[in-house]
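What follows is a short report on a single structure.
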Amino acid sequence: MRYLPLTDTDRADMLAKIGASSIDDLFVDVPAVAQLDGPIHDLPMHASEMAVERHMKSRAGKNLAAGDAPFFLGAGAYRHHVPASVDTVIQRGEFLTAYTPYQPEIAQGTLQMLFEFQTQVARLYGCAVANASLYDGSTACWEAVAMASRVTKRKRAVLSGALHPHYAQVVKTMAQFTGDEIADAQPSIQTEPDLDGLISRIDEETACVVVQYPDILGRISDLSKVAEAAHAKGALLIAVNTEPVALGAIKSPGELGADIVVGEGQSIGVGLQFGGPYLGLFAVRDPKHVRQMPGRLCGETTDAEGKRGFVLTLSTREQHIRREKATSNICTNSGLCALAFSVHMTLLGEKGLRELAAENHRLACMTADRLAQVPGVSLLNTAFFNEFTIMLDGKPAREIVRDLADRGVLGGVSLGRLYPGVEALENALLVAVTETTTEDDIDRLATELHDALAGTQAKEPAQ
Amino acid sequence: MNAPNKSGWKPQMEVTEDGLHNGPMTTTGNRALMLEEPLIFEIGHSETTGVDLPEIDESAPTRLAGVERSEPIGLVGLTEPETVRHYTRLSRQNYGIDLGFFPLGSCTMKHNPRLNEKMARLPGFADIHPLAPQQSVQGALQVIHELGDWLCKLTGMPSVAMSPKAGAHGELCGILAIRAAHTARGDARRVVLVPESAHGTNPATAAFAGYEVEDIPATAEGRVDVAKLKERLGPDVAGVMITNPNTCGLFEKDFREIADAVHEAGGYVYCDGANFNAIVGRVRPGDLGVDAMHINLHKTFSTPHGGGGPGSGPVVFSEALAPYAPLPFVKKSDEGEYYLVEEESGDECGPTFGRMTAFHGQMGMFTRALTYMLSHGADGLKQVAEDAVLNANYVLRSLEDILYAPFADSGPCMHEALFGDKDFGGDLSTLDLAKALIDEGYHPMTVYFPLVVHGAMLVEPTETESKASLDQFITAFRSVTERALAGDETMKQAPYYAPRRRLDETAAARKPKLSWTDPE
């Protein structure tokens, strides 16, 4: 077995040293009812690297990779070009095979990276402090709601109807157990978000208002109005961002008055990976809220010789110290994804991120205009960054998405899949466009969408 | 039994009067291959970038609702060569399994096979969208289904939830299922029992789920006190959370008896699977009466720890809890198609407690873990557990004559050996010994955990260390232990040879500096 260095001679020598006659002697404390007579049945025996590779490739080969088709999916996960050097860095064994930096003297690489990462995220979000990452955007969203309850000592969260429905579901799932009251809503199919409706739901019992920016339909609005309304009632504004590239083109949520900014960092450096691992980003605008934050924080300090160094800090908030009184039960974060994000963000820099955002927006505008010319298609949004909603005249988008896939085009995410059973949203299709989208892709989508809506039979997908 | 260091070689710490190493200071602060590296904010510029993108056409119209960014973000960029060098230099200030022995107890720092990395990067896995039409991702759904099947068979449990993102998230999944099951029958139980030796995540999780946490006392031999536990069971106890093998490194031999008693009292049994590596392929927790157990794919199944994640924490369930599992999950139709159950309403879905995360779980970890399982097979995984346990017992019996081992007489240890700092000389403590081990070229074991042993040192060698590696570690460990017993005060300043000396954690917490501020 290629991963097991002990030889039979070693094993015999070691058993002798231990004073055991066989390996079974070391498992004597396992009760008879759980003793097995050999390897577990009904599973294969060990296999060579070559055989395993063949097995895994047979699975991978059944999937249509985003890079092999015109691709327009978003809704919380976006396909961006990741520079080659990002993967080179994260595959360095010193990063890949390290643990949480509990021994800071020999973990300065991870710690300095986290300090840089925290700074990048805080600046991107327009906040004072960001943590060292959480699991993903949806769990970060829940952690923000929980934190707002701790800060305001209130238990009612008002969710915008245009918050990603999976994020809303995660929040509602957790709230069942913590006793938080969640006031949610469904998105209204309007060209602009209904901010007045949202504001009218804020009252003196409200701990926080949760707004996605840009929202699930791709719409953008000035959050400062919501921030003012929330603050007037003593509530916090939580802004959720699922596409960090957008913040290269639009004002940061912190700048618009959000108190806690959370989001999904996957777009920068991480890749699609069928939904995980991703990267939860979490930041607060006001440094006085730092001690209520969940998750790991890296801070600067000095060593015994006076040299600058970094450590995990404020850990009295955390489960391994506070146990049942911790701010969260989180232990592992998303360290390697944070590294990928940080490396990619360092390659981009201010200039690259702004150019990347502009290019995304330019191509999205081009796509929106092109699709709006397809008979039976109308564009919902007046404003958007790189994702927008189109309405399909009299056709459920879910069926059209499947039809497009048969035609070799990954055409978008249907709101019917995100909001099953909600009739008003059935005909809406979310279309995302990034720098990886080519003009040929846009043409293909427009043509195939035309045919699909016209009910023309799908041909064999182009290879 | 414990042979002295055969080579007779003994390290000589050459420390000058000022407590520093020999040799002159360098102008750069570098020490040959040990290179100091500034922060990106000190070397990067807002106008520098390492990517080639089209220049912004300022005249192009935008549709950004009037919230166009007007202020700078405050980011800096580096070109590719500068970026690669920056992170390469940082990486060299890190200790990883690739570099040496990393016996961090309860973390299972085993070798991370590179085939796993290669497979996870196949475009058919790495470049697919979580909401892609299901007909276009049949192979991905198959992998999730296949991995779930392995986990069920290895644990002897009928059902698995794949979406939890890490161990603590998996614990939460299990406890929420327990709470949902009680709620479903209108049984409002308030208390979860957790042993004192448990990981901090256990009480934090139970408290989060709305339970009061009560300690289960341990016996002198380091196991759950079954009599006391049984006494406490009653109509208010929702369940127990027990780590098995436990954090003292011992198998809970009365686990079945405990489980039966908990079930009889109407409660459920959560098993923390953090230590599954000791029994994988050899013992099935399902045979011991477990109702829910999370499995850390980043421990037992070799997915990389990555400097603190990402992890992955699927949870296996008994028949009783399976209906409450979170969405989404993968099923296979009679026609052999794989599909996702994502909707709470449909016929496919039981009384689920809801959704824990946006998508389907840590696919990148699933491909790595399945690759690992296929490589080992049922026979190889059994050997994994046996070698892990053998290595730990070898360490225990090679050090117990010199180092206090509180549970050495409680039978064989499982995959980790526990020691305490009793009899250390002067005011030396476990921390000093750990830092001295750093100078010897090792990542220290887990220290001060579990809390039930003074100055605890938890050593988990894993099965991927050779005997030669263990022998060298034992030699080094004996030498630092001898120094600690003798009260060698130079240990108070260790490490001497790491990229940094001891860091001032008190100052870091008193006046937190958590992000870079540009100089005025």
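For the stretch A:408-455, what's the radius of gyration and Dmax over Cα atoms, in angstrom?
My reading of the Cα-based Rg and Dmax gives 12.3, 35 Å.
For the stretch A:173-317, go through all pairs of different Cα atoms, get the mean of 1/r, take its inverse, and jot down that Kirkwood value in Å.
Result for the stretch A:173-317 stands at 17.5 Å.
Hey, could you get me the Stokes-Einstein D for the stretch B:205-329, Kirkwood radius over alpha-carbon pairs, 37 °C and 0.692 mPa s, rounded to whole µm² s⁻¹?
211 µm²/s
Going 7 Å from the Cα of B:E47 toward and past its Cβ, which residues in the stretch A:332-357 have a backbone nitrogen under 14 Å from where you end up?
A:350-352
Grab the eigenvalues of the alpha-carbon gyration tensor for the stretch A:92-214, scale each by 5, take roots, and send me the semi-axes largest first in whole angstrom.
Its equivalent ellipsoid spans semi-axes of 34, 16, 14 Å.
Per residue and in Å³, how big is the convex hull formed by the alpha-carbon atoms of the stretch B:383-507?
114 Å³
What does the charge count around B:R510 come to, taking other residues whose C-beta lies under 13 Å from its C-beta (Lys +1, Arg +1, Asp -1, Glu -1)?
Its environment carries a net charge of 0.
Give the average over all directions of the projected area of the C-alpha convex hull of the stretch A:84-344, one decimal, in nm².
The orientation-averaged projected area of the Cα hull of the stretch A:84-344 comes to 14.2 nm².
For the pairs A:K288/B:K110; B:K331/B:K382; A:K225/A:K288; B:K253/B:K435, note any where the Cα-Cα span goes beyond 31 Å.
Those over the limit are A:K288/B:K110; B:K253/B:K435.
I'd like the FRET efficiency for B:T219 and A:A32, computed as 1/(1 + (r/R0)^6) with the beta carbon distance as r and R0 of 30 Å, rounded to 0.05.
It comes to 0.90.
Can you give me the pair-distance distribution of the stretch B:362-410, C-alpha pairs, 10 Å bins, whole percents?
The distribution over the stretch B:362-410 is 22, 30, 23, 21, 4, given as percents.
Can you tell me the relative contact order of chain A? Whole percent, Cα pairs under 8 Å, sequence separation 6 or more.
Once normalised by length, the contact order is 19 percent.
If you put +1 on each Lys and Arg Cβ and -1 on each Asp and Glu Cβ, how big is the dipole of the stretch B:117-372 around its Cα centre, in Debye rounded to 20?
For this selection, approximately 620 debye.
Using 7 Å Cα-to-Cβ label points, what is the B:K422/B:E196 separation (nm, one decimal)?
1.5 nm
On average over all directions, what projected area in square nanometres does the stretch A:152-243 have, based on the convex hull of its Cα atoms?
5.4 nm²
Using the beta-carbon distance between B:A184 and A:A84 and R0 = 45 Å, what value does 1/(1 + (r/R0)^6) give for FRET efficiency, to the nearest 0.05?
0.30
If you rank A:K395, A:K325, A:K288 by fewest surrounding Cβ atoms within 10 Å, what's the result?
A:K288, A:K325, A:K395
Where in chain A are the helices, taken as whole DSSP H runs, whose Cα atoms extend 24 angstrom or more along the long axis and whose Kyte-Doolittle mean reaches at least -1.0?
A:108-125, A:335-372
What FRET efficiency comes out for the pair B:T28/A:D203, r = Cβ-Cβ distance, R0 = 56 Å, nearest 0.05?
Efficiency for this residue pair is about 0.40.
Rank B:V452, B:L485, B:F419 by how far each Cα sits towards the positive end of the charge dipole of the stretch B:383-507 (+1 on Lys, Arg Cβ; -1 on Asp, Glu Cβ) and give me just the farthest.
B:L485
Any chance you could list P(r) for the stretch B:399-447, counting all Cα-Cα pairs in 5 angstrom bins from zero, rounded to whole %?
4, 18, 25, 25, 18, 8, 2
Looking only at the protein assembly as shown, where both bridge partners belong to it, what percent of the DSSP beta bridges are antiparallel (to the nearest 5)?
Close to 60 percent.
Taking GluC sites (Glu not before Pro) that fall in a DSSP loop and have at most 16 other Cβ atoms within 10 Å as cut points, what is the longest piece of chain A between them?
Excluding the exposed sites themselves, the longest stretch runs over A:1-203.
Can you give the relative contact order of the stretch A:139-214 as a percent, counting alpha carbon pairs under 8 Å and 6+ residues apart?
46 percent
What does a probe at A:S188 reach in the stretch A:153-182, counting residues whose amide N is under 13 Å from the point 7 Å along Cα→Cβ?
Those under the cut-off are A:161-162.
Which translational diffusion coefficient, to the nearest whole µm²/s, is obtained for the stretch A:281-418 from the Stokes-Einstein equation, given a Kirkwood hydrodynamic radius over C-alpha pairs, 37 °C and 0.692 mPa s?
Estimated via Stokes-Einstein, D reaches 164 µm²/s.
With labels modelled as points extended 7 Å from the Cα through the Cβ direction, what inter-label distance (nm, one decimal) is found for A:Q91 paired with A:K225?
Each label point is offset 7 Å from its Cα along the Cβ direction, giving 5.0 nm.
Pull up all non-local amide H partners of A:V129: gap of 5 or more, or a different chain, and H-to-H distance under 5 Å with H placed in the peptide plane.
Long-range HN contacts for A:V129: A:V284.
Based on the alpha-carbon gyration tensor of the stretch A:312-355, what equivalent-ellipsoid semi-axes (square roots of 5 times the eigenvalues) come out, in whole Å, largest first?
The three semi-axes for the stretch A:312-355 are 33, 10, 8 Å.
Return the calculated 222 nm mean residue ellipticity for the protein assembly as shown, to the nearest 500 deg cm²/dmol, obtained by summing -39500 (n - 2.57) across DSSP H runs with n ≥ 4 and dividing by the residue count.
Mean residue ellipticity at 222 nm (helix-derived): -10500 deg cm²/dmol.
How long are the semi-axes of the equivalent ellipsoid of the protein assembly as shown, defined as square roots of 5 times the Cα gyration tensor eigenvalues? Whole Å, largest first.
Taking √(5λ) for each eigenvalue gives 45, 33, 27 Å, largest first.
Rg and Dmax of the stretch A:1-74 over Cα atoms: what are they, in angstrom?
Just the Cα atoms of the stretch A:1-74 yield Rg and Dmax of 21.7, 65 Å.
When you have a sec, figure out the Kirkwood radius of the stretch B:450-520 from all distinct Cα pair distances and drop it here in Å to one decimal?
Across the stretch B:450-520, the inverse of the average 1/r is 16.3 Å.
Where does the Debye-calculated log10 I(q)/I(0) of chain B sit at q = 0.06, 0.11 Å⁻¹, using only Cα point scatterers of equal weight, no solvent?
Rounded to two decimals, the profile gives -0.35, -1.09.
When you look at the Cβ of every residue in B:449-461, what mean number of other chain Cβ atoms sits within 10 Å?
Average neighbour count from other chains, rounded to a whole number: 0.
What number do you get for the stretch A:9-162 when its Cα radius of gyration is normalised by 2.2 N^0.38 Å, N = residues?
Working it through for the stretch A:9-162, the quotient is 1.68.
Evaluate the relative contact order of the stretch A:84-344 (contact order divided by residue number), counting alpha-carbon pairs under 8 angstrom at least 6 apart; express in whole percent.
Value for the stretch A:84-344: 27 percent.
Which helices, counted as full DSSP H runs in chain B, have an axial Cα extent of no less than 27 Å and a Kyte-Doolittle average of 0.0 or above?
The answer, listed by residue number, is B:363-399.
Rg and Dmax in Å for the stretch B:117-372, alpha carbons only: what are they?
Rg, Dmax (Cα atoms, Å): 18.1, 57.
Out of every Cα pair in chain A, what percent are spaced more than 31 Å from each other?
Result for the distance tail: 50 percent.
We did not get these values from a lab; they are worked out from the coordinates using the rules stated. Since we're looking at a predicted model, the values are computed, not measured. In this analysis, Cβ positions are derived from the backbone assuming ideal geometry, glycine residues included, and neighbour counts consider all displayed protein chains.
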